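Have a look at the structure below, then the notes.
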Amino acid sequence: MPSDTLSYSQKVSEAAAFVREQTPTIPRVAIILGTGLGNLATHISPELTLPYAEIPHFPQSTALSHHGQLVIGTLEDVPVIAMQGRFHLYEGYPVMEAVLPVYVMQQLGAEILVVSNASGGVNPKYNGGDIMIMNSHINLMFRKHQALANDELIPPGSEQPGTLLYDRELIELALRTGRKEDWAIHEGCYVSLTGPNYETRSEYRMVRAIGGDVVGMSTVPEVLTAHSLNMRVLALSAVTNVAKPDALTETSAEEVVDIARLAEPKLTAIVTDLLKTL
Ligand code: HPA
């Protein structure tokens, strides 16, 4: 059937069926790897790697350092599905396209979403290379998430996204890894802006003033989707640049990618420790 005559749920089902035809693995955990963090996927013993271009109805990934493929396999003997590369609203995707893979991964069986991103720190206690576990967010993307306003895709009995989006037990597990390894690890609030530009000094000041600890351009649409599907959510932010609005230096995409790569082993340790508990 031509794709423009299919409903959204039919597209999700077709994409999931396509993946299912190629592997019997039922993933328990979905992982979205953000900027500079795609290498975590190399720790997965892969059973199947699928470029997004081959999966029906998947959008294509264009952002710097994003590979654009799904990896299915096992990590710490737990079946997982990882997105190496995600879809940002600043690339021009409508929200529902950007979050389609989350629906697909949940339909394939994933009950937990682990999502990572690179962010700019505005909390003066943070340093580049630190990890912040998201315990809250402020959504300044101002884009309507149609499915959350119309319950076609929300399973019966699930809650509308509300206040407790981030799973407390998963936050504690992640903090425990950080303390055990003796890194600077924080929990805090992620402010999402649509981007694509990094913030002006005034915007960094605003992010701090409204209660943010870090700012970034992703993650919130995926978290809202996963929560509406009753998935447990762990969101990890690698703090790259730290904004000091009164002595601001230029933030560059290359710097963000380089520092995110330095933080990558920390994210890998958090995710592998978490999987060992499942
Ligand atoms: N702003 C927004 N997104 C980001 C930043 C930033 O300073 N650093 C990494 N991602």
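The values are calculated or read from the model by the stated rules, or taken from the named source; none is laboratory data. These figures come from a predicted structure and were not determined experimentally. For neighbour counting, all protein chains shown are included, and Cβ atoms are generated from backbone atoms with ideal geometry for every residue, glycine included. Side chains are part of the model used for accessible areas, which takes the heavy atoms of the whole protein and leaves out ligands, DNA and RNA. Shrake-Rupley method; radii C 1.70, N 1.55, O 1.52, S 1.80 Å.
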### Summary
When (1) within 14 Å of the ligand (Cβ to nearest atom); (2) among the hydrophobic types (A, V, I, L, M, F, W, C); (3) open to solvent by 80 Å² or more (accessible area, probe 1.4 Å); (4) more than 21 Å from the chain's Cα centre (by Cα) are applied to LEU262, the one that fails is (4)
### Message
Considering only the range 182-203, I want to know if a residue exists there that is assigned to a helix (DSSP H, G or I), open to solvent by 10 Å² or more (accessible area, probe 1.4 Å) and in contact with a Ser or Thr (Cβ under 9 Å, 6 or more places away or on another chain).
### Response
no
### Query
Of these, VAL271, VAL220, VAL233, VAL242, which one is near the ligand (Cβ under 10 Å from one of its atoms) and either of a type outside the set (Gly, Ala, Ser) or under 18 Å from PHE142 (Cβ atoms) (or both)?
VAL242
### Task
Please state which of the following conditions VAL19 fails to meet, knowing it meets all the rest: (1) over 30 Å from ASN241 (Cα atoms); (2) under 19 Å from the mean Cα position of the chain (by Cα); (3) assigned to a helix (DSSP H, G or I).
(2)
### Verdict on LEU100 being more than 30 Å from ARG176 (Cβ to Cβ) and in contact with a His (Cβ under 7 Å, 6 or more places away or on another chain)
yes
### Message
So if I check each of THR25, THR42, THR74, which one is without any contact (Cβ under 8 Å) to a residue 60 or more places away in the chain, closer than 28 Å to LEU278 by Cα and part of a loop (DSSP other than H, G, I, E, B)?
### Response
THR25
### Query
Restricting the first residue to the range 106-135 and requiring it to be away from the ligand (no atom under 16 Å from the Cβ) and modelled with pLDDT of 95 or more, which pairs with a second residue that is acidic (Asp, Glu) and assigned to a strand (DSSP E or B) meet a Cβ separation below 8 Å and a spacing of at least six or different chains?
ILE133/GLU187; ASN135/GLU187
